[in-house]
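The values are calculated or read from the model by the stated rules, or taken from the named source; none is laboratory data. The shown structure was predicted, so the numbers you read here are calculated from the model rather than taken from an experiment. Note: ideal-geometry Cβ built from the backbone for every residue, glycine included; neighbour counts use all protein chains shown.
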């Protein structure tokens, strides 16, 4: 189907997905980190204390997501959307009124679970479930909300901090989520129950068990291909979170001003958007499983360039290349598991994968910080990350090629 026609015919439902991914920014690191200075000062937290509190909240949200994420398979989408957005509003409210570290940590937990966790999970899972032939296109359009938020939210947050302070900023966010965004999301879902929501089995493919099989999460956990693909799936959030979290030592090593590095993020957002739009039709034409071994190539090139060069031009070029892989990952991860394992239990399967990815984002800044403390510089760490990405791509390539043999076990047996 023509891309523009597909978007036009499904505009309300696709807009719902994009709205959720954009709203997930309230629980994303690139927004919460902007409040770091004020929060550390208000609660007398050191950098290590703040990082530990945020890391613990992230780990707790990832573990909770394994269970909570299954609700997308059983709960009405409108009710689930209401619950997720209400949870995000409560998290914003807790930060606005927090009087101690415990309350602050609980606010972080709710924002990480509802924002980075459930909003992205619900958006990607529903797109994968409701669309088959155009699954890649649907996921790519829905994921556009995130780079759009990356381009807009930091400016809005910094402006709000200057005008009304950090507590009032979180209070305003809570009000906007409940009073504005929740009604809009429900309006976009007005006709969602008219869609064909019958679970569709996995696409016939030599990469999986027979299409009649209904893969459950426990069956997926016994499938070797799942573990072979997981390192590649984890690579973008693991690597990028570490590099973005430690931008200050990176800029210092390269001799860049923070203003220049921040300005260069426009290249990241632009390539992220373009890559999302191009990856959708590519996934529909070629298949997500075939693309997993190659989608990390721009990321590898970007971080190798970051490691070996220091000119001003490196910052936007490195971020542009990273954005290409991030956009590809956003589409691939929405389509891959449905393509391999079907849609009947896709919520439970994707919840597990998303939880692993969130854990990766909690672990990578700590690991990178430890490497910096041990004397490695950011360029050395970038080379280590490039080696990891290369190894993960090779493993995925070997595994998908190996799985071209007919797979005979039916997981329902």
When the stretch 153-208 is checked residue by residue, the ones that are at pLDDT below 70, part of a helix (DSSP H, G or I) and surrounded by fewer than 13 Cβ atoms within 10 Å (Cβ to Cβ) are 193, 194
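This table checks each residue for (1) under 16 Å from residue 121 (Cα atoms); (2) surrounded by fewer than 18 Cβ atoms within 10 Å (Cβ to Cβ); (3) free of Cβ contacts under 8 Å to residues at least 60 places away in the same chain; (4) over 21 Å from the mean Cα position of the chain (by Cα).
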residue: 18; (1), (2), (3), (4): yes, no, no, no
residue: 54; (1), (2), (3), (4): no, no, yes, no
residue: 61; (1), (2), (3), (4): yes, no, no, no
residue: 71; (1), (2), (3), (4): yes, no, no, no
residue: 85; (1), (2), (3), (4): yes, no, no, no
residue: 95; (1), (2), (3), (4): no, no, no, yes
residue: 102; (1), (2), (3), (4): no, yes, yes, yes
Criterion first (modelled with pLDDT of 90 or more, under 19 Å from the mean Cα position of the chain (by Cα), crowded, with 20+ Cβ neighbours inside 10 Å and over 21 Å from residue 28 (Cβ atoms)) does residue 236 satisfy it?
no
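Quick check on the stretch 348-355. Is at least one of its residues part of a helix (DSSP H, G or I), touching a helix residue (DSSP H, G or I) at 6+ places or on another chain (Cβ under 7 Å), closer than 30 Å to residue 246 by Cα and without any contact (Cβ under 8 Å) to a residue 60 or more places away in the chain? Please lay out each step first, then the result.
In the first step, residues of the stretch 348-355 are kept if they are part of a helix (DSSP H, G or I); the result is 348-355.
If we keep only those that are touching a helix residue (DSSP H, G or I) at 6+ places or on another chain (Cβ under 7 Å) as well, we get 348-355.
Checking the rest, the ones that are also closer than 30 Å to residue 246 by Cα come to 350-355.
Now narrow it down to the ones that are without any contact (Cβ under 8 Å) to a residue 60 or more places away in the chain: none.
No, the stretch 348-355 contains no residue that is part of a helix (DSSP H, G or I), touching a helix residue (DSSP H, G or I) at 6+ places or on another chain (Cβ under 7 Å), closer than 30 Å to residue 246 by Cα and without any contact (Cβ under 8 Å) to a residue 60 or more places away in the chain.
Residue by residue, here is whether (1) buried (at least 20 other Cβ atoms within 10 Å of the Cβ); (2) touching a strand residue (DSSP E or B) at 6+ places or on another chain (Cβ under 9 Å); (3) not in a helix (DSSP H, G or I) holds:
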residue	(1), (2), (3)
13	yes, no, no
22	yes, no, no
32	yes, no, no
37	no, no, no
44	no, no, yes
58	yes, no, no
81	yes, no, no
90	no, no, no
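Condition check ((1) in the same structural domain as residue 392 (by TED's automatic domain parsing); (2) surrounded by 20 or more Cβ atoms within 10 Å (Cβ to Cβ); (3) more than 18 Å from the chain's Cα centre (by Cα); (4) at pLDDT 90 or above) across all residues:
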residue	(1), (2), (3), (4)
267	yes, no, yes, no
277	yes, no, no, no
281	yes, no, yes, no
284	yes, yes, yes, no
289	yes, yes, yes, no
297	yes, no, yes, yes
300	yes, yes, yes, yes
303	yes, yes, yes, yes
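Name every residue in the stretch 104-134 that is more than 16 Å from the chain's Cα centre (by Cα), within 19 Å of residue 75 (Cα to Cα) and assigned to a helix (DSSP H, G or I), in order of residue number. Walk me through how you get there before you give the answer.
Here is the first cut: in the stretch 104-134, the ones more than 16 Å from the chain's Cα centre (by Cα) are 104-110, 129-134.
Add one more test, that the residue is within 19 Å of residue 75 (Cα to Cα), and what stays is 129-131.
Those that are more than 16 Å from the chain's Cα centre (by Cα), within 19 Å of residue 75 (Cα to Cα) and assigned to a helix (DSSP H, G or I): 129, 130.
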